[in-house]
Amino acid sequence: MKEKIIGETIIEVDSVSKTFDRRIKALRDVSLKVKQKEVVVIIGPSGSGKSTLLRCLNGLEETERGSIIIDDTPLDEHHKNRLKIRTEVGMVFQNFNLFPHMTVRDNIRTGPRFVRKEAIDEVDIRTEDLLEKVGITDKIDSFPRQLSGGQQQRVAIARALAMNPLIMLFDEPTSALDPEMVGEVLEVMKTLAHEGMTMVVVTHEMGFAREVGDRIIFMDEGKIVEESSVEDFFENPEKERTKLFLSKILDNGGCE
């Protein structure tokens, strides 16, 4: 396989903090950078701030302090900047979030048609190509209720890709799936990674992290505790908290 070439910084997070209900500190001065074509895997116990960080990256959550810059565009109060970032950053949630009253075809083409104002013929061709990519072309006229969890998540990935994003965010995309369906979703994500998609992935799937990740970030109590290459993280973690987490998560087969 051809070696992947990591590019310039495309995501820059500087000293970001977020508090819920004036007392729950979800993020505490978090700073990180992500480069083009890099796959960054974020792991940590429940409540560590992983999902909140992802939601801040595309403006679903407001930050209190600090700054976020994506593809040289600041995520600030300006509507034009936020719209640009929303169209360039695709996000896949753990619970699919498909429109239940729409077919697979309509779920995928709604964004390009009504946000990007693309021609229906172009969108339909891309919809079919994306469904082939995720392996469910035969489900194009099905409704979400007629699909398995794994199929729904693959539709959700195709829907995010339909917007031609520069970056894909994945928030525990396999946590709501039955075990036998996890593999089919991870295979799609692996394909995206090998094709050079910039990805930030929150997951407990350690096999995926080892195989696909370029860098691991371990979070706890709203802070980045440790950040390193995949090899160093699993073979030679520096922090005691990281070592404790790994001993639990690996012994439990993938989740603390």
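The values are calculated or read from the model by the stated rules, or taken from the named source; none is laboratory data. Predicted, not measured: the structure shown is a model, and the values here were computed from it. Methodologically, a virtual Cβ is constructed for each residue, glycine included, from the backbone with ideal geometry; neighbour enumeration extends over all protein chains shown. Side chains included, ligands, DNA and RNA excluded: accessible areas come from the protein's heavy atoms. Shrake-Rupley method; radii C 1.70, N 1.55, O 1.52, S 1.80 Å.
With N counted as the residues of the chain, its alpha-carbon radius of gyration over 2.2 N^0.38 Å works out to 1.00. For the residue pairs Lys80/Lys139; Lys35/Lys84; Lys33/Lys80; Lys50/Lys139; Lys33/Lys239, the C-alpha atoms sit more than 26 angstrom apart in Lys80/Lys139; Lys50/Lys139. The candidates Lys33, Lys80, arranged from most to least accessible area with a 1.4 Å probe in the full protein assembly, appear as Lys80, Lys33.
Packing here is the average count of other Cβ atoms within 10 Å per residue, and on that basis the peptides 152-163, 11-22, highest first, run 152-163, 11-22. Computed FRET efficiency, Cβ-Cβ of Asp124 and Ile6, R0 25 Å: what is it to the nearest 0.05? It comes out at approximately 0.15. The distance from the alpha carbon centre of segment 82-133 to that of segment 148-196 is 14 Å, rounded to a whole number. Percent of Cα pairs in segment 1-119 per distance bin of 5 Å, from zero to the largest separation: 2, 9, 16, 19, 18, 16, 12, 6, 1, 0. The modelled label-to-label distance for the pair Asp14/Lys223, using points 7 Å beyond Cα in the direction of Cβ, is 2.2 nm. The residues Glu61, Glu128, sorted by heavy-atom accessible surface at 1.4 Å with ligands and nucleic acids left out, run Glu128, Glu61 from largest to smallest. Between Glu231 and Lys117, full extension at 0.36 nm per residue minus the direct alpha carbon distance yields a gain of 36.7 nm.
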